[in-house]
Amino acid sequence: MVLSFFTDLFQQDFMLRALLAGLILGVLAPVIGSIVVIRRLSFIADTLGHFSLVGISVSLFLSTLGISIFFERPLYLGILFSVVGGLLVELFRRSYKNYKEISMVIVISIGAALSAIFFSLSKKTGSLYNYLFGSILTITNYYVILILITAVIVFALFIIFGKQIVAVSFEESNAKMLGVNVGLFQFLFMIMLSIVVSVLLESVGVLLISSMMIIPVAAAMKVGWSYKSTTIIAIVFSELSVFFGLWMAYSFTIPSGAAIVSINVILLMAISFIKKIRSRKLVKKEPITNESAE
């Protein structure tokens, strides 16, 4: 089983596409995810995923009316609606300054309702499964190119504006004192996040997008000692989950998105367990002082 996986990995085009896309997403997801965690927006990936799904469902609905311009590339409308969802989240966050988490519940509710309506009207609910759970093993060359372009743009923006984005994410008030345009960089990050979530939709699925972005970062936080180290470790964990997740999906014929996220969860649990065992050992090794004895 293992031998056949490695053989097909370098002989089958669909396996090479899945591996290449997975490796790119394995870097892209935790890089964005680390900022999401810092800003305490862990639920936002699900929110934008549901709103991206509105674009997919609308494109399917339009195809039933004979308007097929978006049907061949439904991801275009998915990206557009995801960006709209991101802007709505930011708008509601500013309206409910003391209860910012309400914004994500409002937007995800709108997205879920509209998606259900348009999928029902399109009568093409058979494709809904692929968008809910994703399938990186069935992606096309076009999708790989789209992922690559997205990654290049995101990394270029991080190279140019990374310090400002991180500064705004950690502490908005300090960023303002340093002369950073907080509103602009919040807007810029939300646009990047919306596009990345839409791109992840086809390979991971709307129900697992948040897991792909957040769980590697959560595992890395257990062993990282700074923002930079945590991000690098999260990328390593993410790449491991992609590789072994592909092996699981290929070997046991299960959804690739679910397999990748399952490996992420296993890594998180293993690291948490090891961390706990090491902490107990360190406590036992600590010498008993006179004060503690008393």
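In this structure, does Phe81 turn out to be among the hydrophobic types (A, V, I, L, M, F, W, C), within 26 Å of Val261 (Cα to Cα) and at pLDDT below 80? Spell out how you get there, then give the answer.
Details: among the hydrophobic types (A, V, I, L, M, F, W, C): yes; within 26 Å of Val261 (Cα to Cα): yes; at pLDDT below 80: no.
In short, no.
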- [ ] With a cut-off of at least 1 residues that are in contact with a helix residue (DSSP H, G or I) (Cβ under 7 Å, 6 or more places away or on another chain) and β-branched (Val, Ile, Thr), name the helices (runs of 4 or more DSSP H) lying wholly within segment 63-163.
- [x] 74-95, 102-122
Task: Inter-residue pairs, beta-carbon under 6 Å, first under 15 Å from Met212 (Cβ atoms) and in contact (Cβ under 8 Å) with a residue 12 or more places away in the chain and in segment 229-244, second of a type in the set (D, E, K, R) and in a helix (DSSP H, G or I), 6+ apart - done: none
- [ ] Working only within segment 8-37, note down all residues that are surrounded by fewer than 24 Cβ atoms within 10 Å (Cβ to Cβ) and of a type in the set (Ser, Thr, Tyr).
- [x] none
Open item on the list: Can you pull out every residue in segment 172-189 that is surrounded by 14 or more Cβ atoms within 10 Å (Cβ to Cβ) and outside any helix (DSSP H, G or I)?
Closed with: Val180
TODO: Mind listing just one residue for me: the one in segment 234-265 that is assigned to a helix (DSSP H, G or I), over 17 Å from the mean Cα position of the chain (by Cα) and of a type in the set (Ser, Thr, Tyr) and, of those, surrounded by the most Cβ atoms within 10 Å (Cβ to Cβ)?
DONE: Tyr250
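The values are calculated or read from the model by the stated rules, or taken from the named source; none is laboratory data. Everything numeric here is computed off the predicted structure, so don't read it as measured data. All Cβ positions, glycine included, derive from the backbone under ideal geometry; neighbour counts span all protein chains shown.
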